[in-house]
Structure formats: structure tokens, C-alpha cells
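Here's the structure we're looking at; comments come further down.
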Amino acid sequence: MTAELVRGQNHPLSQSRLEIRISAGTPVAAAAALSDENGRIHGTEWVAHPGAPVQPGLEVSRQAAADHRLAVDLDAVTEAVHRVSVLLALPAANGGAGPARFGAVAAPFVAVTGLDGTEVASYTITGLDLESAVVALELYRRQGAWKVRAVGQGYAGGLAELFADQGLSEAAQLAAGIDEAVARGLARSVQAPPPRTSEGDRSRQAAAPAVGPDQGAAPQGAPGPVPPAYGGQPAGGQGQGGPQPAYGGATGPHASAGGGPVNYSHPRRQTSAPPPPPPAAPPAQPGQPTRPVAGDATGWSMEERLYNQVWGMFEDLARTAAAYRSAVDFAESRMDKELEQALSDPRSRIGGQGDAAREAARARYTQLVDQARASLDRDVAQLVAESEVVEPALPPAFARWDNPCWHAYRVPMEIPMALRLGDLRLPEAESIRIPMLLRLPLERGLWIDSGRTDSLDGSFTDSHDMRRLAMDTAVAHAARLLAVYPAGEFTVHVVDPAGSGAQALAPLTQTGVLVGPPAQGAAGVTEVLARLTQRVDLVQMALRGGAPDALPPGFDTSQQLLIVNDFPHGFDDRAVNQLRYLVDEGPSVGVHLMMVADREESAGYGPLLDPLWRALLRLTPVPDDHLADPWVGHAWTYEPPAVPHGSEVLRTVLTHVAEARRTWNR
């Protein structure tokens, strides 16, 4: 599945030979810079540009164009190279024709593909204004593997400012050389073909021959240099243009130096191969329903198919339960109406006639309810059969803690689509549980309610046990979050002012997956909240200023989770305000909150905390029917994720996470 990146996001690369496809709304010059682990370019020979299009492992176009294809061979770059940055610049910024800033043109689109055209990752560079040069994305080494990161860092001073920012002493000279090479390339551009005749002649005229590098100028009588664009259209988009440029200024794969067919396909419409077909269900016996298959929903990967299949099961159960309830309501209303009619006639209130009318009304009610129940049982049985094949096929992020997939757990290389927070069920279908999946990254925090709740089975749980169960549930959620993120990309902080959660937190503290020991006392609360609040401020300023790479050296860019136990113990007014700030502003910059608290205990703060509770997703440590869907309004029973009694799966998984983190930090 193609990863559509946003600014600052990264994605692993499984191939070393790649193609960088660039599509812009106007001719741009493309270049690629090699740099060391600190992002410094050691010399002009570390830059592939139109004047020197070939460098070890790199090949770029010789001239400006609206579309480019850059060749990259990561195995061919030297060991000293740790980053390969893809650069774009507007040639008009130095006196040429056309726009002088990226804010005046369509947002450039950059895609990383394999040699077969399969798209690996893509990035649309938005938010540019006065910039005339931009670092689109970078390929970088991390622990012996390569990743791609969406950068989108623009420079109003053009290539000279860009190269100077990357430590190149000859920045101005190199930028001037690139401008000169681009100008020579524009002069060598083939002229536009003649326009379509008034009679509507659609025949294509032969393009003028491409001028070689040694000829230096367009043929006499040409209307002037017209920069070639993708698909043979000029920058103005008027349906005229020459062949598509490819590596080193040669013409595209569907055109020859002497003119010929032109590739008119759009780069955004065939960027990746279609998804493979879903698994086929085995043939069913005559008169029997089709046997379910795991992953038969739509999607570009098995993970996406399973995700869509789970929510398809959720919708199917919601609809069939709604149909059953509607049928029962109709049967009750019709029986009431029939009984009312039978009793409205004084002659039929007593005697055999009245009894017969009442028995007939009740019989019709029973018949309708039995029919509705039979339909519900049939649909639920089908869903149970589907669940029996889907549940074992779920990946760890979607699976229960008793799923065998955890025994083969390995720290993933990519963030999954979603995370399982528990199970959902309805009282009419007790035999089936639907996984409750929440999309990642988190868009809101979690509130694990440690207050007393009315148990659905009538049992009573005292406040001490509820606090213990709530903290166990919070640890299970945190462990799953740590397990499904790549090493070093998720960090957990804990605030436990009174130390009451020490026993429940043991799997996190003893395996060493926490960033530090749980903060205790008012001073510990103040220190953690101040650090995370400052982090939110720094990231917000960097993003608003369009400089995500301007964060302090060594800044931890991973997702952050703060677990707060025993709120409001140890919190003063300032700490409460900081907590609300993290809830409101944190998720947008990767800082999330998990509260373990009883709302009644914080009632002393009055309405101040009402927005905080509304902003969090409430979960309970015991089954509770507090969740409702917005489609049919069912009250779903939520069941928290339960680690099998006596199982060491939680500690085993966290041990793998801790070891992977230590390896990643070396």
C-alpha cells in the first residue's frame, strides 16, 4: 500500500534501486544532494544537478521541466553518505520567464517508486509561498536501513540559500552554475508542434528533431524556447509541446530523438499497480451459505482488508440488531392496537370471544417475534462463522492478547492502520464479539474510568479494586501501543504522584520500556507536565514557521504518551491547566494523554474539567454499555482487553520492545 506522507513523516524503504517522480505545475529544475550524518554537503561533487547530472548512485534531468524522473541507486552511494535530498527550484527566480515563487503555482507532487513503477511513498508539498527552492524529501540511513522522509523545507533565497544552509561553502557558485545549465537546457528545447487546424484535424505532426548538446540553439524560425512538459504539453497547458524529458535530458521512453509517439499518461493516475484480488471463498454446498474467508474485503493490503472486514462485521451486526428491534417494536405496537380494539367493544370484554381475540393477538405477536429472532440468529451465526476465521488471521495490532500471533511477535517496521482497544457486543448477540479498532495515530486521548460503575452482571466492585483494574487496563493499552510502533517511535511517560500504581506498572518499569521512572509527588508532576508542554510549544512553532527540521539537536520526534494515575492527587491549578492544554493541543503534534481517574473525585474543580472529560474517549476496566454508535444509536457493551490469567505474554512482548529500543539507540 502506498504511504501518503505528510511533512515530517517517514516510511521504510525495502528497495535500493528507486525512481523519484516529480510533477509540478510549471517547469522546475531538479537536483539531488548527498550529505553526511549531520546533513552537511562536503563539496559541489556531492550534488547531481542539470550541469552535472550523474553522480555515484544518482542521475537527474539535464533541463527544467514540469515533470522529472530521477534515478537513485542507494547501494552505489559511498559509505560517507547518510542522506540523499531531492531538491526543486524555479528557474524563473533568477531572471527567467514564469513564476518566481512556489506559492504562485500548484503544489508539487513527489513520489518514490520501484523500477517497476510500484509507488512506495508519495508527498504533496503544500504550504509554500515565497520560496523559490525547496528540499522535497530525503532518503536517509537508519540502523543499516534506508527510509524516506517528507521534508518540504522551502527557501526564499533560492538554491544559494538552500546550499548554504546545508554547509556548502561554494553555495553561490554552484547555484549560479545550475542556473546557467538550466538556461542552456531551455535553449535546446524542441519547439512546439503546430496548433490544431480549424477543420479539427487531429493528426499529430512530426515533432522537430531534438537538438543535441553540441548544437546549442533552437532551429531558425522557431517561435522561441518552449520548455517541454510531461506528456508533451507546455507549462501553459494549451495542448502543445515536445517529447517528455527523461534522465540526463534525453527524450522519454515513448519518444525518440527524431520524433515519434509521445506518452500522454498522467503521472498521478498510474502511480502504482492495482491491488491483488481478495482471497476467493471455497465453493459452498447446495443450499448452504458461502463459507467466510479472512481478508475478503476491499483494500490494498491484507491489513487494510482485515480492517475493513472487521468494520463490515460491526455494521452488519448493527443493522441486523436494528432490524430485530424494529420488528419486535412493530409486533408489540400491533398487539397493543389489536388488544385495544378487542377491549373497546363491551360485548367482547368477557366471555370466550374476548379471550380468543386476546390469544390471537398474542399469537401473532409471538409469530412475528419468532420470525425476527430466526432472521437475527441466522445473521449472527453467519457473523460468528466469519469471526472464527477472521480472529486468528488478525495481525498483533488487531488481535486479542490470547491470539497465537503474539508468540511470534517481532517489533514492526511500520505503523499499523489501527489499534484494538477491546471488544464490542450487543445483548441480542452474546455469542459474537466485534474488535473495537481505533485508527492511528491517535486523534484523542483515553480516559480509563476508575469510578464505580453498575456492573452488567449484577456484581459489585469496590473502589479499591476498580482503581487496580483501571490501572491494569491502562498498562495493557500502553503495552499494545508500544508493541505496534516501530522501535524508537513511541515513548511513554508515567505520572503516579502517590505511587499507588507501582504494582500494576511493574511490566512497564521492570522491562525498561519507559523513558524514565514514574514521576511521583507534586514536584514530579510539575516537571513532566512542563517538559511535555514545552515540547508541544516547540513543535507547533516549528510547524507554523514551516521549519520542522529546525528543532533542537537530539530532539525526540517519536509519539509521546503520558499516563496519569490518581488524578487529581498531586495536581494544583497550574498543573490542571497544563493537563487541559496537552489534551487540546497535544494530539496534533504527537503528544497523547491516558487518564486513569474517577470523575467524581475531581468534582471539586467544578466545570473547569468538563471540556477535558469530553475531549477524551472513556473506557472502563469492566464491561459497560456506555458506548453508542451514531448510525442506529445502539448502546454497545464495551469489554476491555484482558490478558489471560497467569500469562507472561505482556512481559514477553515488552521485553522484545525494550531490546529493539536499545539496539535502535546504539
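Restricting attention to the stretch 1-30, the residues that are more than 12 Å from Val148 (Cα to Cα) and either in contact with a helix residue (DSSP H, G or I) (Cβ under 7 Å, 6 or more places away or on another chain) or β-branched (Val, Ile, Thr) (or both) total 8.
Search the stretch 618-629 for residues being closer than 22 Å to Phe571 by Cβ and buried (at least 20 other Cβ atoms within 10 Å of the Cβ), and hand back the single one that is farthest from the chain's Cα centre (by Cα). Per the stated criteria, the residue is Pro621.
Take the residues of the stretch 1-40 that are part of a strand (DSSP E or B) and of a type in the set (Lys, Arg): which is farthest from the chain's Cα centre (by Cα)?
Residues of the stretch 1-40 that are part of a strand (DSSP E or B), as a first pass: 3-5, 10-12, 17-35.
Okay, now just the ones that are also of a type in the set (Lys, Arg), so 17, 21.
Working: Arg17: 25, Arg21: 22 Å.
For the stretch 1-40, the residue satisfying everything is Arg17.
Check whether at least one residue in the stretch 119-128 is among the charged types (D, E, K, R) and either touching a Pro at 6+ places or on another chain (Cβ under 7 Å) or without any contact (Cβ under 8 Å) to a residue 60 or more places away in the chain (or both), and report yes or no. Lay out the reasoning, then the answer.
Filtering the stretch 119-128 for residues among the charged types (D, E, K, R) gives 119.
Narrowing the set further to residues that are either touching a Pro at 6+ places or on another chain (Cβ under 7 Å) or without any contact (Cβ under 8 Å) to a residue 60 or more places away in the chain (or both) leaves none.
Scanning the stretch 119-128, I find no residue that is among the charged types (D, E, K, R) and either touching a Pro at 6+ places or on another chain (Cβ under 7 Å) or without any contact (Cβ under 8 Å) to a residue 60 or more places away in the chain (or both), so the answer is no.
What residue, of Pro416, Pro412, is open to solvent by 30 Å² or more (accessible area, probe 1.4 Å), part of a loop (DSSP other than H, G, I, E, B) and either touching a strand residue (DSSP E or B) at 6+ places or on another chain (Cβ under 7 Å) or touching a residue at least 40 places away in the same chain (Cβ under 8 Å) (or both)? Spell out how you get there, then give the answer.
On the way: Pro416 fails: open to solvent by 30 Å² or more (accessible area, probe 1.4 Å).
Selected residue: Pro412, the only one of Pro416, Pro412 that is open to solvent by 30 Å² or more (accessible area, probe 1.4 Å), part of a loop (DSSP other than H, G, I, E, B) and either touching a strand residue (DSSP E or B) at 6+ places or on another chain (Cβ under 7 Å) or touching a residue at least 40 places away in the same chain (Cβ under 8 Å) (or both).
With the structure loaded, tell me whether Gly43 is out of contact with any Gly (no Cβ under 8 Å at 6 or more places or on another chain) and either surrounded by fewer than 18 Cβ atoms within 10 Å (Cβ to Cβ) or of a type in the set (D, E, K, R) (or both) or whether it fails that test.
Details: out of contact with any Gly (no Cβ under 8 Å at 6 or more places or on another chain): yes; either surrounded by fewer than 18 Cβ atoms within 10 Å (Cβ to Cβ) or of a type in the set (D, E, K, R) (or both): yes.
Yes: the conditions hold for Gly43.
Being in contact (Cβ under 8 Å) with a residue 24 or more places away in the chain and part of a loop (DSSP other than H, G, I, E, B) is the requirement here; does Val513 meet it? Here the answer is yes, as Val513 does meet what is asked.
Quick grid of which residues meet (1) open to solvent by less than 10 Å² (accessible area, probe 1.4 Å); (2) in contact with an Asp or Glu (Cβ under 9 Å, 6 or more places away or on another chain); (3) under 30 Å from Glu428 (Cα atoms):
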site	(1), (2), (3)
Ala575	yes, no, no
Pro587	no, yes, no
Val596	yes, yes, no
Pro607	no, no, no
Leu616	yes, no, yes
Trp631	no, yes, yes
Leu654	yes, no, no
Ala658	yes, no, no
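In the stretch 325-343, what residues are open to solvent by 80 Å² or more (accessible area, probe 1.4 Å), under 19 Å from Val632 (Cβ atoms) and not charged (D, E, K, R)? Scanning the stretch 325-343 gives a single hit, Phe330. Any chance the stretch 461-480 includes a residue that's modelled with pLDDT under 95 and not in a helix (DSSP H, G or I)? Yes, some residue in the stretch 461-480 is modelled with pLDDT under 95 and not in a helix (DSSP H, G or I).
Of all residues in the stretch 508-522, which are hydrophobic (A, V, I, L, M, F, W, C) and open to solvent by 80 Å² or more (accessible area, probe 1.4 Å)? Don't jump to the end; show me each part of the working.
Here is the first cut: in the stretch 508-522, the ones hydrophobic (A, V, I, L, M, F, W, C) are 508, 513-515, 519, 522.
Listed by number, the list holds a single entry, Val515.
Under the condition of being touching a residue at least 60 places away in the same chain (Cβ under 8 Å) and open to solvent by 40 Å² or more (accessible area, probe 1.4 Å), which residue from the stretch 310-323 is farthest from Ser387 (Cα to Cα)? Even if it seems obvious, please write down each step before you answer.
Narrowing the stretch 310-323 to residues touching a residue at least 60 places away in the same chain (Cβ under 8 Å): 310-311, 313-322.
Those still in the list that are open to solvent by 40 Å² or more (accessible area, probe 1.4 Å) too: 311, 315-316, 319.
Details: Trp311: 12, Glu315: 14, Asp316: 12, Arg319: 17 Å.
Here the residue is Arg319.
Quick check on this structure: which one of Ala542, Ala483 is closer than 30 Å to Arg410 by Cβ, under 29 Å from the mean Cα position of the chain (by Cα), outside any loop (DSSP other than H, G, I, E, B) and of a type in the set (A, V, I, L, M)? Before you say what the answer is, go through the steps one by one.
On the way: Ala542 fails: closer than 30 Å to Arg410 by Cβ.
Answer to the selection: Ala483.
Take Val643 and decide whether it is open to solvent by less than 30 Å² (accessible area, probe 1.4 Å) and within 18 Å of Met471 (Cβ to Cβ). Step through it out loud before you land on a result.
Values: open to solvent by less than 30 Å² (accessible area, probe 1.4 Å): no; within 18 Å of Met471 (Cβ to Cβ): yes.
No, not satisfied.
Scan the stretch 358-414 for residues that are farther than 24 Å from Leu442 by Cα, modelled with pLDDT under 90 and of a type in the set (A, V, I, L, M, F, W, C) and jot them down. Correct list: Ala360, Ala361, Ala408.
How about the stretch 41-132: which strands (runs of 3 or more DSSP E) wholly inside it have at least 1 residues that are under 27 Å from Gln143 (Cβ atoms) and basic (Lys, Arg)? Don't jump to the end; show me each part of the working.
Values: elements: 65-73, 83-89, 109-114, 119-124.
Passing ranges, in order: 83-89.
For the stretch 627-650, the set of residues classified as within 23 Å of Ser463 (Cα to Cα) and either without any contact (Cβ under 8 Å) to a residue 40 or more places away in the chain or acidic (Asp, Glu) (or both) consists of Glu639, His645, listed by residue number.
Inspection of the stretch 539-556 identifies at least one residue that is free of Cβ contacts under 8 Å to residues at least 24 places away in the same chain, surrounded by 14 or more Cβ atoms within 10 Å (Cβ to Cβ) and aliphatic (A, V, I, L, M). One residue alone among Leu368, Leu383 is in a helix (DSSP H, G or I), under 19 Å from Ala294 (Cβ atoms) and among the hydrophobic types (A, V, I, L, M, F, W, C), and that residue is Leu383.
The set of residues from the stretch 567-594 being part of a strand (DSSP E or B) and out of contact with any helix residue (DSSP H, G or I) (no Cβ under 8 Å at 6 or more places or on another chain) comprises just one member, His592.
If you check Thr124 against the conditions, is it within 17 Å of Glu161 (Cα to Cα) and open to solvent by 10 Å² or more (accessible area, probe 1.4 Å)? Spelling it out, it is not the case that Thr124 is within 17 Å of Glu161 (Cα to Cα) and open to solvent by 10 Å² or more (accessible area, probe 1.4 Å).
Note on the stretch 374-402: among residues that are open to solvent by less than 40 Å² (accessible area, probe 1.4 Å) and more than 25 Å from the chain's Cα centre (by Cα), the one that is farthest from Thr663 (Cα to Cα) is Leu376. Here are the criteria: (1) open to solvent by less than 80 Å² (accessible area, probe 1.4 Å); (2) of a type outside the set (Lys, Arg); (3) out of contact with any Cys (no Cβ under 8 Å at 6 or more places or on another chain). Tell me which single one Gln371 does not satisfy. In the conditions (1) open to solvent by less than 80 Å² (accessible area, probe 1.4 Å); (2) of a type outside the set (Lys, Arg); (3) out of contact with any Cys (no Cβ under 8 Å at 6 or more places or on another chain), Gln371 misses (1) alone.
Here is a yes/no grid of residues against (1) at pLDDT 90 or above; (2) part of a helix (DSSP H, G or I):
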| residue | (1), (2) |
| --- | --- |
| Ala603 | no, yes |
| Pro607 | no, yes |
| His626 | no, no |
| Glu659 | yes, yes |
| Arg662 | no, yes |
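Within the stretch 488-507, count every residue that is under 31 Å from the mean Cα position of the chain (by Cα) and open to solvent by 30 Å² or more (accessible area, probe 1.4 Å). Selection size over the stretch 488-507: 1.
The values are calculated or read from the model by the stated rules, or taken from the named source; none is laboratory data. Since the model is a prediction, treat every value here as computed from it, not as a measurement. Note that we place each Cβ from the backbone using ideal geometry, even for glycine, and neighbour counts take in every protein chain shown. Calculation scope for accessible area: heavy atoms of the full protein, side chains included, ligands and nucleic acids excluded. Shrake-Rupley method; radii C 1.70, N 1.55, O 1.52, S 1.80 Å.
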